[in-house]
């Protein structure tokens, strides 16, 4: 077997602990590293949200002790603040809906951390992500990313931004088993994190209140809530508090004329106008995306039939994708709802990731623009 | 099926071959281990009046006499504590409170900006909660405080100084302060003078009477004794308020059942280390000088921090900044090669902070972050230095590549 020098990123959760244990047991030379991502790690948070509290650092250290590998803490707070938190805030300010986990994989774990690891003599970075990674030699040159066998826990979506080069330096030991199996294995290995609750929400927003966090970062930016005809229905104190497809928290004082629920259809960052309308107006049939990354196939010259997933844990829609200049256009076989700019469109062939791109617009956006022009 | 036992077969981070971190803690002397082991098997609270109590008390008092003798103090001037941190807290807070009780005028606490956190944070706490006026004494580029600077700072308000605290030798860069001269300045103004002598006590002649200090902090585990036993050497007649209240076991300024096994082992280590001190200091200093020369030969642009080797520097200390490197990357690479050392500075959740000592000495943040301490002690030998010299060049080069990205 090829003995690799493995840097195991250990968040303090059960997945990364079992991943590190498996890498060590496979005979690799494994070193555990906890990434300190918060500038103020003294902030304890209740429950299991987040991945950079003092308690998490301690849990990671204890797991490394039990596995029997060296352990260090790397201070990545500055890079995280620049590349993930600031990007998150700026994306919302632009009316987009970013995915910070995806950004963290792209810019921190498999960029800043990977680069430092390689420079220090490591071969790969190992994480506890639920995704399968077929090594390059088995695929004739390029590593292939695929969904976890545990569909409910699959994280291939937030890894699909990685390039072939990044995937070539990654190791995901958990993709072939379910979360339940991971927990049982952790218990069998006497890892104290075996029954630690899953982390969820955005790790750098302590109380889980994204709208409040953004208000603190961006200040109040009042704007109007309008319907598709342009009629003003109400106001808000910051367009960044809204996401396309959102139904709750609109605080429009009176019901729609037809009594049906209304959803956020579009956000105009320049004017701060939030457009709302009925569910069917959310329908999207065509998507524009930029910065495509291809790992599961060569960059296609023409249309490719595929499945496309448009948000984390979302449905995979049958689609046809084709290159459009430097970007990508995707036509959906059945309409999708609540498609937000800033999210990733990830293309699959069955379970295998073909590539991904960042959503920049939809035909819904285009219809809205036309409607706005008609109204004006 | 996976058995956890498998894990223990694997290499553990603790199996270091080359230990260059004696300033963090140094191996216990075999004599101290056997003294402690023997005592652990015996029954008796030193405060009890019966047979077993008297026996344990005798062990404590004999130990007190040995320690007093070694450090130029009277037995009654030895106040046992749980270690250096407690002794520093007791000295700084205890002296401050006693002085404030004597007069509300005494509000200023003078301490150098390179103190250990046990002093630094005690002074900071007094400023935050007890109305003290923290006054940080500047040091020169080597980390030393001059008696003139001390005098100048006292003269700003001579009637308002509650106490002065200046460490005997710095734990990071090994700089030795002119303690007798500084204490003499304090005495001119009749200001209580405390010195944290934790690092100095094992390596230099440390004396309460000889230094003229009011109080000295010492601890067992830096000189071959156990962790958990230390002392504040406190001049007779010095007024000090307790921090720990209770049974009043130690002169009514420190409460808590005396730990006879640890105290006996502490005294054993003190006695042996004093006996060997002169030869050991010469031997360790020669090794250290070789270490410095060979590191500089391998890494010509490395910078030695602190005073040049000689009386101004602890014999076992070598502290460098490696330009273009992160200290924690160097530490990890050396650890992977079986060499244990330290960045020397405090950690928050394991995250290395730039050293307040180096910053106070005028270093910029990059220099402070790229620093590493190698500290030698009684088990150090030539092969330790050879092992470091064999890898330091390659390790620094690799760490530089990691920073350049």
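No lab work stands behind these numbers, since they all come straight from the coordinates. What you see is a predicted model, and the numbers here were worked out from it, not measured in a lab. So basically every Cβ, Gly included, is an ideal-geometry build from the backbone, and we count neighbours across all protein chains shown.
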Problem set entry | Spread of Cα-to-Cα distances over 20 Å intervals beginning at zero, given as percent, for the protein assembly as shown | 14, 37, 30, 16, 3, 0
Seminar exercise, completed: Here the gain from full extension of residue B:397 to residue B:50, 0.36 nm per residue of separation minus their alpha-carbon distance, amounts to 118.4 nm
Exercise. Do the sum for chain B: with -39,500 (n - 2.57) for every DSSP H run of n ≥ 4, divided by all residues, what is the mean residue ellipticity at 222 nm, to the nearest 500 deg cm²/dmol?
Worked result: -13500 deg cm²/dmol
Exercise. What FRET efficiency do you get for residue A:190 and residue A:231 if R0 is 45 Å and r is their Cβ-Cβ distance, rounded to the nearest 0.05?
Worked result: 0.10
Problem set entry | GNM top mover of A:179, A:109, A:196 - chain A, alpha-carbon springs below 10 Å | A:196
Seminar exercise, completed: Expressed in angstrom and rounded, the centroid-to-centroid distance over alpha carbons for region B:163-221 and region B:275-322 is 21 Å
Problem set entry | Radius, Kirkwood style, for region A:220-281 when every pair of distinct Cα atoms is counted (Å) | 11.4 Å
Exercise. Relative contact order (percent) for region A:324-364, with alpha-carbon contacts under 8 angstrom and 6 or more residues of separation?
Worked result: 34 percent
Exercise. Among B:340, B:375, what is the fewest-to-most ranking by other Cβ atoms within 10 Å?
Worked result: B:340, B:375
Seminar exercise, completed: For B:28, B:36, A:10, ascending order of other Cβ atoms within 10 Å (fewest first) is B:28, B:36, A:10
Problem set entry | Choice from B:41, B:269, B:387 showing the highest fluctuation, given a GNM over chain B with Cα pairs closer than 10 Å | B:41
Problem set entry | Listed residues A:88, A:213, A:172, most fluctuating in chain A (Gaussian network, C-alpha, under 10 Å) | A:213
Problem set entry | Burial ordering of B:198, A:226, fewest other beta-carbon atoms within 10 Å first | A:226, B:198
Problem set entry | Ordering of B:278-284, A:261-267, A:91-97 by burial proxy (mean other Cβ atoms within 10 Å per residue, highest first) | A:261-267, A:91-97, B:278-284
For this session: Please work out the Cα center distance from region B:376-399 to region A:196-234, rounded to the nearest Å.
Result: 54 Å
For this session: Determine the shielding of peptide A:60-68 by partner chains: average, over its residues, the number of Cβ atoms on other chains within 10 angstrom of each Cβ.
Result: 3
Seminar exercise, completed: Expected integer from the mean partner chain Cβ neighbour count at 10 Å over B:323-331 is 2
For this session: Return the average number of partner chain Cβ atoms within 10 angstrom of each residue Cβ along peptide A:185-193.
Result: 2
Problem set entry | Cα pair count fraction exceeding 30 Å, expressed as % - chain B | 43 percent
Exercise. In terms of the ratio Rg/(2.2 N^0.38 Å) built on C-alpha atoms, what value belongs to chain A?
Worked result: 1.04
Exercise. Where does the Debye-calculated log10 I(q)/I(0) of region B:30-271 sit at q = 0.08 Å⁻¹, using only Cα point scatterers of equal weight, no solvent?
Worked result: -0.29
For this session: Whole Å is fine, so just give me how far the alpha carbon centre of region A:50-118 lies from that of region B:79-129.
Result: 39 Å
For this session: Mind giving me the FRET efficiency for residue B:290 and residue B:241? R0 is 60 Å, r the Cβ-Cβ distance, nearest 0.05 is fine.
Result: 0.80
Seminar exercise, completed: Of the convex hull drawn through the C-alpha atoms of region A:283-375, the volume per residue in Å³ is 94 Å³
Problem set entry | residue A:270 versus residue B:43: modelled label distance in nm, points set 7 Å from Cα along the beta carbon direction | 9.0 nm
Exercise. Applying 1/(1 + (r/R0)^6) with R0 = 30 Å to the Cβ-Cβ distance of residue A:251 and residue A:201, what FRET efficiency is obtained, to the nearest 0.05?
Worked result: 0.85
Seminar exercise, completed: Per the Kirkwood formula over distinct C-alpha pairs, the hydrodynamic radius of region A:5-195 in angstrom is 16.8 Å
Seminar exercise, completed: For the pair residue B:69 and residue B:382, the simple spin-label estimate (label points 7 Å beyond Cα toward Cβ) gives in nm 3.6 nm
Exercise. Based on the Kirkwood radius over alpha-carbon pairs, what value in µm²/s does the Stokes-Einstein equation return for the translational diffusion coefficient of region B:121-195 at 10 °C and 1.306 mPa s?
Worked result: 122 µm²/s
